[in-house]
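Novice: Take a look at the following structure, please.
The values are calculated or read from the model by the stated rules, or taken from the named source; none is laboratory data. All figures in this text were calculated on a predicted structure; none of them were measured in a lab. Heads up, the Cβs are rebuilt from the backbone with ideal geometry, glycines too, and the neighbour counts pull from every protein chain shown.
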């Protein structure tokens, strides 16, 4: 059998050139040398049509300070129509003396160059712009999550306060440090901050600092150039660069090696990176969110975390409480996971004994453990009601003395419970809503409090 020959042809990448004056004739040839396919127009209406019809990812505009109003009016219009296209500018005047002209260049273009053009740097920047648009499109092939997909379930005051703080912090662009035990939902908090912020349409890049080998973490964060070390067969855009315009979430920041903490501190000073093996500084615009399940103050005292980095990160801070701090939401959260994991034609329910076991259990793994136990129970369930055994909570070794929290809450809340029932004319559903508990919990408390209706 004759095998077809491999083609040596490399697909050319289309790039739009908006040239109002036909003043830079060498641009076309320089682009073709680097395997670009230039598509040139001097008409703004034609540029819009080409972007929509030719799958344009990157574009170049030749800008003149003499006609800057028309140039920048068009840029404002085109970015509303095609916000994902990355634009570079070539300014035909140098030096740039007008403050307004300089500001507009910075507003509408990811970078700009002046004549005579440094073609090597220009080629690097154009390639970077192309890579960023491809990353963005690959992310968007998957259904992007939204704030609605990341709902924090809970009606307790603790959860309401947490939601309020997250929403307030999302308005700011300052770095946020999230603390809390393992499994409390620090990642969910980071997602909510991102999707409630003005950066919600841009990438959310998550990096688990504890999961990356120390030998690779620098190149994974900052990226590298082709040939910069053995095995670097192509350019790699690092996690920080991928988060440009969006949010970078560094989970388990306490596990970041000390030598990498220096690099992170430097990045936070000027938000500029340089790929391994590269010599071009790259400006990054991103919001930083960090999380740790270790006490960073103790880590600083023990010499495991840099004090200057800690103070640089500790601008906004939020603590995610452990599940045992808001036991009144356990049933609600469990039912939410149960609904997610059950097929529409196979509904399961939690037995009364299972609910009691869940309320008394200490949940050392917090919400993550609750989620996993519900999933296991759904898979292993023998009947419509999930039992304590199927949750894996039947063994006494699973329980810690909780100082009979349930009974303490009943004694404290008996009068409040009775008042709520009377205020709502003995409508249990209305009383439950007032108390932010489920009807099942309300009936259970009524029974325990020995309230006669």
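Novice: If we scan the stretch 97-107, do we find a residue that is farther than 29 Å from residue 237 by Cβ, modelled with pLDDT under 75 and surrounded by 14 or more Cβ atoms within 10 Å (Cβ to Cβ)?
Specialist: no
Novice: Return only the number of the condition from (1) at pLDDT 80 or above; (2) in a helix (DSSP H, G or I); (3) surrounded by 16 or more Cβ atoms within 10 Å (Cβ to Cβ) that residue 56 does not satisfy.
Specialist: Here residue 56 clears every test but (2).
Novice: Is at least one residue of the stretch 274-289 over 24 Å from residue 129 (Cα atoms) and surrounded by fewer than 19 Cβ atoms within 10 Å (Cβ to Cβ)?
Specialist: No - not one qualifying residue is present in the stretch 274-289.
Novice: Just checking, does the stretch 226-248 include any residue being touching a residue at least 60 places away in the same chain (Cβ under 8 Å) and within 13 Å of the chain's Cα centre (by Cα)?
Specialist: Yes, the stretch 226-248 contains at least one residue that is touching a residue at least 60 places away in the same chain (Cβ under 8 Å) and within 13 Å of the chain's Cα centre (by Cα).
Novice: Answer yes or no as to whether residue 119 is at pLDDT 80 or above and either touching a strand residue (DSSP E or B) at 6+ places or on another chain (Cβ under 6 Å) or buried (at least 19 other Cβ atoms within 10 Å of the Cβ) (or both).
Specialist: No.
Novice: Moving to a separate point now. Quickly run through the stretch 327-357 and pick out the residues that are closer than 17 Å to residue 151 by Cα and either in contact (Cβ under 8 Å) with a residue 60 or more places away in the chain or surrounded by fewer than 18 Cβ atoms within 10 Å (Cβ to Cβ) (or both).
Specialist: Once the filter is applied, which keeps residues that are closer than 17 Å to residue 151 by Cα and either in contact (Cβ under 8 Å) with a residue 60 or more places away in the chain or surrounded by fewer than 18 Cβ atoms within 10 Å (Cβ to Cβ) (or both), the stretch 327-357 yields 329, 331, 332, 333, 335, 336, 339, 340, 341.
Novice: Next question, about the same structure. Spot the failing condition for residue 212; the list is (1) at pLDDT below 90; (2) touching a strand residue (DSSP E or B) at 6+ places or on another chain (Cβ under 9 Å); (3) under 22 Å from residue 190 (Cα atoms), and only one is missed.
Specialist: (2)
Novice: What is the residue count in the stretch 155-192 for residues that are touching a strand residue (DSSP E or B) at 6+ places or on another chain (Cβ under 6 Å) and not in a loop (DSSP other than H, G, I, E, B)?
Specialist: Here the count works out to 9.
Novice: Could you identify the single residue in 316, 323, 360 that is farther than 30 Å from residue 232 by Cα, at pLDDT 95 or above and surrounded by fewer than 19 Cβ atoms within 10 Å (Cβ to Cβ)?
Specialist: Criteria check complete, one pass: 316.
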